[in-house]
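Q: Sharing a structure below in structure tokens format, with a few things to ask.
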Amino acid sequence: MSKSLSNNIRRLRFEAGEMTQQMLADKIGVTRQTVFAIEKDKYSPSLEVAFKISNVFEIPLEEVFTYD
Amino acid sequence: MGLSNKEKSLIISLIVTLLIFGWYFFGVFSNVTATSSEQLGFNDVIRVIFLIAVLEGIIAWFFQKKGEADLVDERDKLIDTKSYRNSYWTLCIGVWFILMQLLFEASGPWSNAYHTLVFTSPTYIAHLLLLFFVLSEVIHFSTQLYHYRRGI
């Protein structure tokens, strides 16, 4: 069975004071459309962007992204 | 999520390219028995390219005016790379197709039979080259649209 990457970014944004996609995009240096694509599993971010996202929420990478 | 400004700009560019060059090539290839003086020539190509350039400029200005940030991030670059790869292969296939035509034309045993099948005047070869260039642009726009909508 093939594995795929998924994430909890949408939930984490709401838990972080209802952060908008644009706010997260500005913090990590991508466009709002890219944040949307990541949340919808339509784009797998680079390692750098993935680490930036986990740094924004101050949690380990494995709690933001899962590969199963 | 609705269409982003980038996607709207791509759709309009694609439609403009298809309409203008579709009309142009319809005029060229629907009249393949035209004499050299009746064929669409250099001035017509220049007019069409100028028209496309002006329209693309207006489209770019209009969507930039709408105020979307000019940021080009890693996803945009990846989609660009994939779309340029597809359009490169389209252009490659076209150039090889035309090269083969010219080689068949130049070779003795084949050229007589070949003359009855295709048209190899310099004007039509130029138009074929232009056609494959336009096709590669269409593939470029279409690939970008596909990846922006479906993901990458």
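The values are calculated or read from the model by the stated rules, or taken from the named source; none is laboratory data. Quick caveat: nothing in here was measured; it's all calculated off a predicted structure. All Cβ positions, even for glycine, are placed from backbone atoms using ideal geometry, and neighbour counts span all protein chains on display. Areas reflect the complete protein model, heavy atoms only, side chains present, ligands, DNA and RNA absent. Shrake-Rupley method; radii C 1.70, N 1.55, O 1.52, S 1.80 Å.
Q: Please compute, for peptide A:34-47, the average count of beta-carbon atoms on other protein chains lying within 10 Å of each residue's beta-carbon. Mind dumping the intermediate values first?
A: On the way: counts 5, 2, 2, 6, 2, 0, 2, 1, 7, 7, 3, 3, 4, 0.
That average works out to 3.
Q: Please compute how much accessible surface disappears when B pairs with A, both sides summed, using a 1.4 Å probe, and round it to the nearest 100 Å².
A: Working: alone 10140 and 4690 Å², together 13710 Å².
That pair of chains buries around 1100 Å² in total.
Q: Compute the accessible area of each residue in segment B:123-152 twice, once for its chain alone and once with every protein chain present, using a 1.4 Å probe on heavy atoms, and list those whose area falls by at least 30 Å².
A: In segment B:123-152, residues shielded by partner chains: B:Ile152.
Q: With no solvent and one equal point scatterer per Cα, compute the Debye intensity ratio I(q)/I(0) for segment A:5-67 at 0.16 Å⁻¹ and report its log10, rounded to two decimals.
A: Scattering profile of segment A:5-67, log10 relative to I(0): -0.41.
Q: Okay, next question. Just want the answer: with Cβ charges of +1 for Lys and Arg and -1 for Asp and Glu, which residue in A:Ile53, A:Phe14, A:Ile38 is farthest toward the dipole's positive end in segment A:5-67?
A: A:Ile38
Q: Can you pick out the pairs among A:Lys40/B:Lys6; A:Lys3/B:Lys6; A:Lys27/B:Lys6 whose Cα atoms lie more than 26 Å from each other? Show your work: numbers first, answer last.
A: On the way: A:Lys40/B:Lys6 19 Å; A:Lys3/B:Lys6 31 Å; A:Lys27/B:Lys6 21 Å.
The pairs that break the limit, which is 26 Å between Cα atoms, are A:Lys3/B:Lys6.
Q: Can you tell me which aspartates and glutamates have their Cα less than 20 Å from the Cα of A:Lys42? Leave out same-chain residues fewer than eight positions away.
A: A:Asp26, A:Glu62, A:Glu63, A:Asp68, B:Glu7, B:Asp73, B:Glu74, B:Asp76, B:Asp80
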